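The values are calculated or read from the model by the stated rules, or taken from the named source; none is laboratory data. Just so we're clear, the structure is a prediction, and the values are computed from it rather than from any experiment. Cβ coordinates were reconstructed from backbone atoms using ideal geometry, including for glycine residues, and neighbour counts include every protein chain displayed.
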Amino acid sequence: MKSDRQTLLIWILRLLSVIVIFVVAELSIEFKLLSPIFLSKPSESIISLFNLFRTGIVFELLYQTLLPLSVAFVLSIIIGIYLGIIIGSVKLLREGIEPFVAIFFSIPKVLLVPIFWSIFGFSLEYKIAYSLVHGLPPILINVIAMAASTEESHLKIAKLYLASRLQIYQKIVLPAIIFGLLASLRMALNLCLIGVIIAEMFVGTTGIGFALRQYASTFKTSEFYALIYLLVTISVSVNLILLGLEKRIVARRVLHPVLRV
Amino acid sequence: MNLKVISFRISIVIIFFAFWEILPTLGILNEFSVPKFSKVIVRVAEILNPYSSTSIIPTGFYNHLYVTLFEIGVAFFITLCIGLPIGFLIGGFRLITQIYEPLIYLIYAFPSVALYPLIVIILGFGPQSKIVFGFFLGLFPLILNTIAALRGIRPSYILIARLFGCTTIQLILKVILPASVPFIISGIRLALAFNTIGVIFGEMVASSVGLGFIITSATYKLDALTEYAVIVISLSVTFLILEAISFAERLGVRK
Amino acid sequence: MKGIKIEGLTKYYVGGNNTLLKVFENIDLFIDSNSFTTIIGPSGCGKSTLLQIIAGLIKPDAGRIIIDGQEINSPRPDIMSMVFQDAGLFPWRTVLQNVEFPLEIKGVNKAVRRMSAKKYISLVGLSEFESYYPNQLSGGMQQRVNLARALVTQPKILLMDEPFGALDEQTRQKMAMELIHLWQHTGVTILFVTHSLAEAAYLSDRVIVLSNRPATIKDVIDIDLPRPRDIEDPILAKIRKKMWNLLGAA
């Protein structure tokens with residue numbers, strides 16, 4: 001059992017490692033050990049970040065990227081639960097679809113970006129649709145697995161107590177699905193974000209992905225890094241929050257194998 | 001294998017391709033955005049045929065294919081060379097694991113694609129940027145899986161080996177390494193998948209050769225047929241590569 | 001004096017709330033060479049801990065273990081082997097390779113260790129299965145391979161921690177008979193920990209009954225019956241009853 005002091009120590013060490021990297025970066029670029037053309041001093045990048053905030057560019061970019069992200073994420077959840085329950089509860093569907101989902105999960109979905117552009121053109125729908133393709137599979141797989149496992153082992157017990165179909169859904173299937181959902185939520189969100197950025201980088205004139213491409217090609221490195229810091233902050237905080245939630249709610253109670261990456 | 005299940009799967013496949021053929025024909029899907037399946041297959045054949053290939057793709061399809069495969073191969077090799085040792089280093093010492101594993105987890109969750117434009121301006125449009133990017137993408141899943149593999153070794157193996165008087169080196173070579181192989185192989189497969197994603201994405205966004213490049217330029221030229229054809233070919237190729245590794249994995253796990 | 005001398009053995013355990021629990025205190029015991037001794041006691045009384053201290057895996061807080069005049073404070077694969085309930089065979093090695101393992105570690109020549117391994121594998125009756133993998137074998141067979149592996153180094157002492165615990169009743173009985181065979185064939189000193197009173201009575205020359213924590217030696221029962229013993233033997237039944245009463249009052 002880790003004592004509180006040990007945990008504190010570990011966090012300090014982690015923070016120190018990160019700080020050391022920043023300091024080394026700052027000094028190497030200052031003293032021209034690393035090329036200042038391609039890299040930007042962390043201090044300058046942070047200043048750029050403030051500027052971007054000041055001029056409101058950040059908010060515009062965030063809106064352009066986070067809007068399709070949220071829509072795609074919510075859609076993934078809704079479609080994931082709906083389809084997942086249906087597929088998970090019907091044995092034939094579940095077994096039949098299983099290899100397809102596995103294949104879909106492992107192919108490089110970047111190859112599909114041009115198809116989405118061809119169909120939707122450059123628009124909000126394009127970003128949402130492509131991001132959905134990234135975020136849906138983990139949720140779907142998890143919900144299917146949950147619905148399936150409750151289907152088999154727990155239904156027998158419920159039948160012994162003469163539980164009605166509704167009671168079974170309410171008290172056994174739904175809670176299990178929600179747990180499966182929570183466990184895959186974080187992964188889905190990360191994947192949705194990757195999806196939106198890929199879509200924006202491939203083609204288009206809006207969003208963080210586009211901005212990154214733009215800043216890089218015009219050699220505005222400090223703005224580029226500023227956006228990266230922004231992304232890192234968002235990604236790390238969201239992940240830490242969700243990880244915390246996961247540990248408290250999910251980890252102690254889930255007994256079924258859950259997809260983990 | 002259940003006959004019902006097999007026929008179900010076959011029917012799904014048939015329905016999928018049927019839709020692909022019928023919807024564009026009926027105009028429900030715009031033919032310029034989604035060409036008919038039959039036409040796409042014809043184009044695939046034309047591209048794969050070395051004689052007709054150059055009329056569609058100026059420098060010939062196979063050159064691009066080899067470039068892509070080469071980039072993936074090199075990225076994969078570097079990922080293994082760097083990822084495995086780091087994975088063992090971090091995973092092998094409980095203290096280091098405790099400190100750094102969450103950090104690597106966070107890096108893994110971060111959309112690394114965002115860094116690609118930077119890699120391009122540093123390394124240029126050539127294969128180096130794709131290789132480096134592919135490597136970067138595949139590195140962290142490999143490290144995480146290696147760490148998990150080491151953690152998953154049953155303590156009883158180590159106990160028994162110690163009881164028989166194993167030295168540390170013997171322990172590593174004869175117990176830890178073999179015990180962690182299955183898990184590590186799945187990490188290697190994941191790494192290859194990510195290497196592939198990185199290389200192809202890199203080619204799609206900033207390159208002048210390679211499968212990704214053909215797809216992108218066909219897309220911009222509104223040549224939907226070539227676009228879809230090369231996508232189909234690329235999907236098949238990557239699927240085959242990954243299946244090959246899964247197959248090897250299953251052979252090894254027969255024990 | 002040949003045998004295992006346990007002198008003043010004491011072991012504490014730090015529980016939750018930082019309380020000090022005595023597992024056992026000042027245990028004195030002597031186990032004769034070539035004998036078959038069983039230790040029984042209520043769950044959690046420290047039998048496994050005692051065995052592991054003898055094996056050199058855990059350090060006692062006081063007291064010592066002396067085997068044939070040598071003090072033991074670390075694992076001694078040259079004189080001892082240990083068998084656990086979980087066979088712990090390496091799934092990536094065949095039966096033959098698993099049994100060879102201890103000799104491989106010692107650096108024994110390949111031909112020699114192959115021969116030794118084969119010999120002990122045939123001793124446990126699994127010669128046909130030499131090239132099988134552990135996952136292809138039943139629980140009982142895995143434990144037999146485990147036994148072969150433990151004996152291949154020709155140890156003086158064999159420590160066994162509930163080795164048949166995971167097996168079904170019939171297999172347990174078979175394994176018990178085979179164990180006696182092996183014991184008589186190799187002349188090894190066996191120290192056996194079990195929950196099963198029937199096993200204890202059937203197998204041992206001597207049964208050491210431990211009390212609840214902090215464990216002390218409640219009683220030592222000597223069983224003078226010749227082998228092979230009959231499970232149905234009424235004397236064994238009486239001994240079992242005696243053990244049961246001792247444990248019940250523990």
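Output the residue which, of all residues in region C:62-84 that are of a type outside the set (A, V, I, L, M) and facing chain B (nearest Cβ under 10 Å), is farthest from C:L126 (Cα to Cα). Only one residue fits best here, namely C:S74.
Does B:F32 qualify as being modelled with pLDDT of 90 or more and not polar (S, T, N, Q)? When the stated conditions are applied, B:F32 does not pass them.
Restricting the first residue to region A:22-43 and requiring it to be farther than 14 Å from A:S222 by Cβ, which pairs with a second residue that is exposed (fewer than 12 other Cβ atoms within 10 Å of the Cβ) and modelled with pLDDT under 80 meet a Cβ separation below 9 Å and a spacing of at least six or different chains? Cβ pairs passing all conditions: A:L27/A:L33.
Which is assigned to a loop (DSSP other than H, G, I, E, B), closer than 22 Å to C:L246 by Cβ and either among the aromatic types (F, W, Y) or in contact (Cβ under 8 Å) with a residue 12 or more places away in the chain (or both), of C:G44, C:G88?
Details: C:G88 fails: closer than 22 Å to C:L246 by Cβ.
One residue alone meets the criteria, C:G44.
For region A:193-230, the set of residues classified as more than 23 Å from the chain's Cα centre (by Cα), of a type outside the set (D, E, K, R) and assigned to a helix (DSSP H, G or I) consists of A:Q214, A:Y215, A:A216, A:S217, A:T221, A:S222, listed by residue number. Scanning region C:127-164 for residues that are among the hydrophobic types (A, V, I, L, M, F, W, C), under 21 Å from the mean Cα position of the chain (by Cα) and not in a helix (DSSP H, G or I) gives C:V152, C:I157, C:L158, C:L159, C:M160, C:F164. Among the residues that make up region B:61-75, is at least one of them outside any helix (DSSP H, G or I) and of a type outside the set (D, E)? So far as region B:61-75 goes, no, none of its residues is outside any helix (DSSP H, G or I) and of a type outside the set (D, E). Quick check, is C:I66 in a strand (DSSP E or B), in contact with a strand residue (DSSP E or B) (Cβ under 6 Å, 6 or more places away or on another chain), touching a residue at least 40 places away in the same chain (Cβ under 8 Å) and buried (at least 20 other Cβ atoms within 10 Å of the Cβ)? Judged against the criteria, C:I66 is not a match. In the condition set (1) at pLDDT below 90; (2) part of a helix (DSSP H, G or I); (3) not hydrophobic (A, V, I, L, M, F, W, C), C:S116 is compliant with all but (1). For C:Q97, the conditions (1) part of a helix (DSSP H, G or I); (2) more than 9 Å from chain B (Cβ to nearest Cβ); (3) touching a residue at least 40 places away in the same chain (Cβ under 8 Å) all hold with the exception of (3).
Looking only at region B:14-43, residues that are under 21 Å from A:F100 (Cβ atoms), surrounded by 12 or more Cβ atoms within 10 Å (Cβ to Cβ) and β-branched (V, I, T) come to 4 in all.
Number of residues in region A:76-115 that are in contact (Cβ under 8 Å) with a residue 24 or more places away in the chain and more than 10 Å from chain B (Cβ to nearest Cβ): the value is 13. Say whether the condition of being under 30 Å from C:I65 (Cα atoms), in contact (Cβ under 8 Å) with a residue 40 or more places away in the chain and surrounded by fewer than 20 Cβ atoms within 10 Å (Cβ to Cβ) is met by at least one residue in region C:140-152. For region C:140-152, residues under 30 Å from C:I65 (Cα atoms), in contact (Cβ under 8 Å) with a residue 40 or more places away in the chain and surrounded by fewer than 20 Cβ atoms within 10 Å (Cβ to Cβ): absent. In region C:37-52, is there at least one residue being under 20 Å from the mean Cα position of the chain (by Cα), surrounded by fewer than 21 Cβ atoms within 10 Å (Cβ to Cβ) and of a type in the set (D, E, K, R)? Checked region C:37-52: no residue is under 20 Å from the mean Cα position of the chain (by Cα), surrounded by fewer than 21 Cβ atoms within 10 Å (Cβ to Cβ) and of a type in the set (D, E, K, R).
Contact map, region B:53-70: residues that are farther than 19 Å from B:L192 by Cα and touching a residue at least 12 places away in the same chain (Cβ under 8 Å) paired with residues that are surrounded by 15 or more Cβ atoms within 10 Å (Cβ to Cβ) and acidic (D, E), Cβ distance under 7 Å, separation 6+ or inter-chain. Pairs shown: B:I56/B:E46. Taking region C:101-137 as the range and being within 11 Å of chain B (Cβ to nearest Cβ), touching a residue at least 24 places away in the same chain (Cβ under 8 Å) and out of contact with any Leu (no Cβ under 8 Å at 6 or more places or on another chain) as the test, the residues that pass are C:F101, C:P102, C:L103, C:I105, C:K106, C:Y132, C:Y133, C:N135.
Of all the numbered requirements in (1) in a helix (DSSP H, G or I); (2) within 11 Å of chain C (Cβ to nearest Cβ), B:T196 misses one, and that requirement is (2). Considering only region B:26-34, I want to know if a residue exists there that is β-branched (V, I, T) and part of a helix (DSSP H, G or I). Checked region B:26-34: no residue is β-branched (V, I, T) and part of a helix (DSSP H, G or I). I need the full set of residues from region C:3-33 which are outside any strand (DSSP E or B) and exposed (fewer than 13 other Cβ atoms within 10 Å of the Cβ), in order please. Answer for region C:3-33, where residues must be outside any strand (DSSP E or B) and exposed (fewer than 13 other Cβ atoms within 10 Å of the Cβ): C:G15, C:G16, C:N17, C:N18, C:T19.
Only one of B:S11, B:S33 is touching a residue at least 40 places away in the same chain (Cβ under 8 Å), polar (S, T, N, Q), within 14 Å of another protein chain (Cβ to nearest Cβ) and over 30 Å from B:S186 (Cβ atoms). Can you tell me which?
Testing whether each residue is touching a residue at least 40 places away in the same chain (Cβ under 8 Å), polar (S, T, N, Q), within 14 Å of another protein chain (Cβ to nearest Cβ) and over 30 Å from B:S186 (Cβ atoms) leaves just B:S33.
When region A:196-248 is limited to residues that are modelled with pLDDT under 90 and of a type in the set (D, E), the one that is nearest to A:I115 (Cα to Cα) turns out to be A:E223. If you go through region B:103-132 and pick out every residue that is part of a helix (DSSP H, G or I) and within 21 Å of the chain's Cα centre (by Cα), you end up with 20. Looking only at region B:68-95, which residues are more than 10 Å from every other protein chain (Cβ to nearest Cβ), of a type in the set (A, V, I, L, M) and over 20 Å from the mean Cα position of the chain (by Cα)? Correct list: B:I86, B:L89, B:I90. Given the conditions (1) within 14 Å of chain C (Cβ to nearest Cβ); (2) crowded, with 22+ Cβ neighbours inside 10 Å, and given that B:I131 satisfies all but one, which numbered condition is not satisfied? With respect to (1) within 14 Å of chain C (Cβ to nearest Cβ); (2) crowded, with 22+ Cβ neighbours inside 10 Å, B:I131 is out only on (1).
Would you mind finding the one in C:I180, C:I235 that is surrounded by fewer than 20 Cβ atoms within 10 Å (Cβ to Cβ) and modelled with pLDDT of 90 or more? I'd like the intermediate steps shown before the answer.
Numbers: C:I235 fails: modelled with pLDDT of 90 or more.
Only one candidate qualifies: C:I180.
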